[in-house]
Amino acid sequence: MMEEVKEVTPCLSVHGHNIKVTEVLKDRDTLTFLIVSQKLSGTGEYHVDRTYDDFEWLQQQLFFQEDMPGIEGVIFPPLPAKPQVNASAKVIKQLGFLGLGEWQPYCKALEAFLRQVTAHSILSKNKAVEIFLTSSDPPGRQRARKNIFNRLSQAVEEMRKEGHKDVDEFFQTERDHNLVLTGCTKTAAERFLDVVLTEQKIAVASGYFSAALHLCVEPGENPDTQAFSKACVKLSEVFDSMKKNMARVAENNVSTLGLGLDLESRYQEAEKEMLFRRTCKLVELETAKRNAEKAKPVKKAAMEEVRKAAETEFDLICGVAKQEIALFHSVRVEMLQLALVQWCEKQLCTAKESADQFGQHLQAFRGMAW
């Protein structure tokens, strides 16, 4: 098991923009993900295998950097929820699009997480990122440590701070917008997931009906029986094409707009967490100011030092947060735009192929002797 990593490294030895999670291996209830990244030297690739516990280790190392100024203003790339083999309906609902199919969507989500971490100007310098991507030895399971996120979840009484009025109009506006967008993107992802699940059900039903039509085929010399059997076979082929078409449409939805909406929803939650951490620091600063004002002469100097330290920390967090928000808005638009473009391109291609296929079926029916 590796020890806690605090050091930073000037840069990574891999190309972060084309990291790939190429495969997932199942061993009973454990999933192992194969990660490939190209060396900056151009002399080859790193191939490492990582479990979800390893991903959690990396995320923990990124969170646990309290000695880094302004770290609480960072919008941390969101790690997908833990996958499970033979997951229950509740877990599948939690994973959403990432729980569909043969783990390809989930691998894509992990791939996006790693690329976002390596592209981050602060997080990519953490030595844990280099270790995770290049070390042949897995980081190993880490004992839960208290960090900014652990404390956030444990301090239930601090939830009252979520509605605290902000002193900065920029952040108050951002909090208001984020509150709306978090709900809207989550709803959009859930509704689109319903569409995909319905498409999958239609594909399965079409396959069943295609198979059932073969049961209507009867041997015999009777011309009417032969004509009816021939029609059933052709109709079965049509429904089989419908099954394949609908399955491809559902797959396209998941791999493009579905993953885009899922990432958008998780990133809105990540920004919400950052804004809440900053609000907690704002409350701490205001408390420090009041304590300094009310302090007795014997404690005045000490309280002033506490106030100054809180003010300096808060200013650093705000500076980082503003940069993060500006970048987040820009990248968020690009991500959604890319997902929409890919969605349209794939569905247009599928629609053209399906139209050609159904046209052939139509011609076949017209050429049949009734």
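Quick notes
- Just one residue in the set Val306, Val333 is at pLDDT below 95, assigned to a helix (DSSP H, G or I) and either of a type in the set (Ser, Thr, Tyr) or surrounded by 13 or more Cβ atoms within 10 Å (Cβ to Cβ) (or both); that residue is Val306.
- Near pairs, Cβ below 8 angstrom, 6+ apart or cross-chain, from the stretch 302-322 (touching a residue at least 40 places away in the same chain (Cβ under 8 Å) and in the same structural domain as Ile71 (by TED's automatic domain parsing)) to any residue that is assigned to a helix (DSSP H, G or I) and among the aromatic types (Phe, Trp, Tyr): none
So that you can scan it fast, the table gives a plain yes or no per residue for (1) under 29 Å from the mean Cα position of the chain (by Cα); (2) assigned by TED's automatic domain parsing to the domain that holds Leu100; (3) surrounded by fewer than 13 Cβ atoms within 10 Å (Cβ to Cβ); (4) within 29 Å of Gly319 (Cβ to Cβ):
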site	(1), (2), (3), (4)
Leu179	yes, no, no, yes
Thr185	yes, no, no, yes
Val195	yes, no, no, no
Thr198	yes, no, yes, no
Leu235	no, no, no, no
Met242	no, no, no, no
Val254	yes, no, no, no
Leu257	yes, no, no, no
Glu273	yes, no, no, yes
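- Residue tally, condition part of a loop (DSSP other than H, G, I, E, B) and either among the hydroxyl-bearing types (Ser, Thr, Tyr) or over 17 Å from the mean Cα position of the chain (by Cα) (or both), over the stretch 57-77: 8
- Selection status of Ala227, farther than 30 Å from Glu273 by Cβ and either at pLDDT 90 or above or part of a strand (DSSP E or B) (or both): no
- Within the stretch 115-131, being more than 21 Å from the chain's Cα centre (by Cα) and surrounded by fewer than 18 Cβ atoms within 10 Å (Cβ to Cβ) holds for Lys125, Lys127.
- When the stretch 198-212 is filtered for residues that are touching a residue at least 12 places away in the same chain (Cβ under 8 Å) and either out of contact with any Asp or Glu (no Cβ under 8 Å at 6 or more places or on another chain) or basic (Lys, Arg) (or both), the ones remaining, listed by number, are Glu199, Gln200, Ile202, Ala203, Val204, Phe209, Ala211.
The values are calculated or read from the model by the stated rules, or taken from the named source; none is laboratory data. Here the structure is a predicted model, which means the values were calculated and not measured. Here the Cβ is made from the backbone with ideal geometry for all residues, glycine too, and neighbour counts use every protein chain on show.
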